[in-house]
1. Taking the highest mean first, how do the peptides 114-124, 212-222 order by number of other beta carbon atoms within 10 angstrom per residue?
2. Answer rounded, prolate or oblate for the range 88-143, using the Cα gyration tensor with square roots of eigenvalues a ≥ b ≥ c: rounded when a/c is under 1.5, else prolate when a/b is larger than b/c, else oblate.
3. Tell me which GluC sites (Glu not before Pro) from the range 265-334 have a DSSP coil assignment and no more than 13 other beta carbons within 10 Å of their own.
4. So how many Lys-Lys pairs in the range 55-187 land under 25 Å Cα to Cα, not counting same-chain pairs under 8 apart?
5. Provide Trp128, Trp369 in ascending order of the number of other Cβ atoms located within 10 Å of each residue's Cβ, fewest first.
6. Could you put Ser172, Ser31 in order, starting from the residue whose Cβ has the fewest other Cβ atoms within 10 Å?
7. Could you tell me how far the Cα centroid of the range 82-142 sits from the Cα centroid of the range 13-45, in Å?
8. The range 144-165 to the range 259-309: how many Å between their Cα centroids?
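Since every read-out is calculated from the coordinates, none of them should be taken as a lab result. The model shown is predicted, which means the values in this text are computed figures rather than measured ones. Glycine gets a Cβ as well: all are built from the backbone with ideal geometry, and neighbour counts include every protein chain shown.
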Amino acid sequence: MNAADLRKQFPILQQEVNGHPLVYLDSAATSQKPASVIEAVKAYYEHDNANVHRGVHTLGSRATDAYENAREKVRRFLNARSTEEIIFTRGTTSALNLVASSYGRAVCGEGDEIVITPMEHHSNLIPWQQVAKATGAVLKYIPLQPDGSIRLEDVESVVTDRTKIVSVVYVSNVLGVINPVKEIAAIAHRHGAVMVVDGAQSTPHLKVDMQELDCDFYAFSGHKMCAPTGIGALYGKKELLERMEPIEFGGEMIDHVDLYESTWKDLPWKFEGGTPIIAGAIGLGAAIDFLESIGMEEIDRHEKQLTAYAMDRMKEIPGLVIYGPQSGRVGTITFNLDDVHPHDVATALDAYGVAVRAGHHCCQPLMRWLNVTATARASLYLYNTEEDVDRLVAALLKAKEFFGHAIG
Ligand code: PMP
């Protein structure tokens, strides 16, 4: 794959920001969208727009086919066994909340354990805090190594026969570390617990395979993998989803409604109350087509190479600290520069057309573990090139010079 050629398929990347060609290094927050995805959403609204599952008319059945076809694309992309195991959601946050509110509250009781890590995004932390509060379950944490990685022997010692749920981020949005979720799932299963994976940062970058990982639930967001915002999915093993109660009730998800009792549709629709995000799902299907046309292995290979290049080049900058491990990571590079506040670093880079994020990245406990209040973060994706990295490094050196003078 040639990132410079791929980049031409992203209209938004063809602009200048503050007088410089845009270098977009904030894909961990949200990715940019290729023309094919934008076109798929536009074509849907121009030709097929109708509500799904109820329409007897032609547009209704076209919209339904397109929506369900997108579900099949997600199934194939994740290598799930069946489309019954793919529930469309608003994204990772709503998928994790669905598991916590439905499965978590049903299986946890006084003294049961939920095991997570201190590197979880708030979206994979607060839902479990809430389950623990509501049920009397105990929240336990797998400790982190100094570089932010997880050791399996620590997982072994935290997970017990009282553990009902283990929920871990596959790829950290701060440390970039790739966690051994397959091995953690095996440990969880030995203790009779289920394994939940936050796939928000893994699905855009790695080839993921539900049958190979053997996790029980897996959540991801479309917008981080070239699809529109507002769409994502929850994968869940059929036998678990069948036992779970919906958490949203109303139109679309019912089978039969009486004055005092109602029954639900089959999987996956019983979890999709209300008019779904039809255009978003179609956009997600187009994004999957786009990623598959390049190949997830190719994307991974390109990003690994570029990450190694970026880490090497960033080390040239005196006073720049990179958090997270050296290897076994993706190109989400979180850093601080001297004592300059990361918001100031990000603002200075923006003046050179370089977009990075700064803040706590929705990981306040991890910030405390790192002993910082905030960091800057440059995150790479398939459309980034070595030239983008060079522009980042040049802008960082200029920022360093400026702040050095400003402080000195
Ligand atoms: N988990 C991780 C690791 C993330 O990076 C994010 C997004 N920053 C989320 C969960 C939440 O995703 P969303 O906002 O799309 O629901």
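1. Numbers: 114-124: 23.1, 212-222: 25.1.
By packing density, highest mean first, the sequence is 212-222, 114-124.
2. On the way: a/c = 2.56, a/b = 1.23, b/c = 2.08.
Since a/c reaches 1.5 but b/c is at least a/b, the shape of the range 88-143 is classed as oblate.
3. Counting only loop positions with at most 13 other Cβ atoms within 10 Å, the GluC sites (Glu not before Pro) in the range 265-334 are Glu316.
4. So the count of such lysine pairs works out to 5.
5. Trp369, Trp128
6. With the fewest neighbours first, Ser172, Ser31 line up as Ser31, Ser172.
7. After rounding, the separation between the Cα centres reads 32 Å.
8. Taking the Cα centre of the range 259-309 as reference, the centre of the range 144-165 is 29 Å away.
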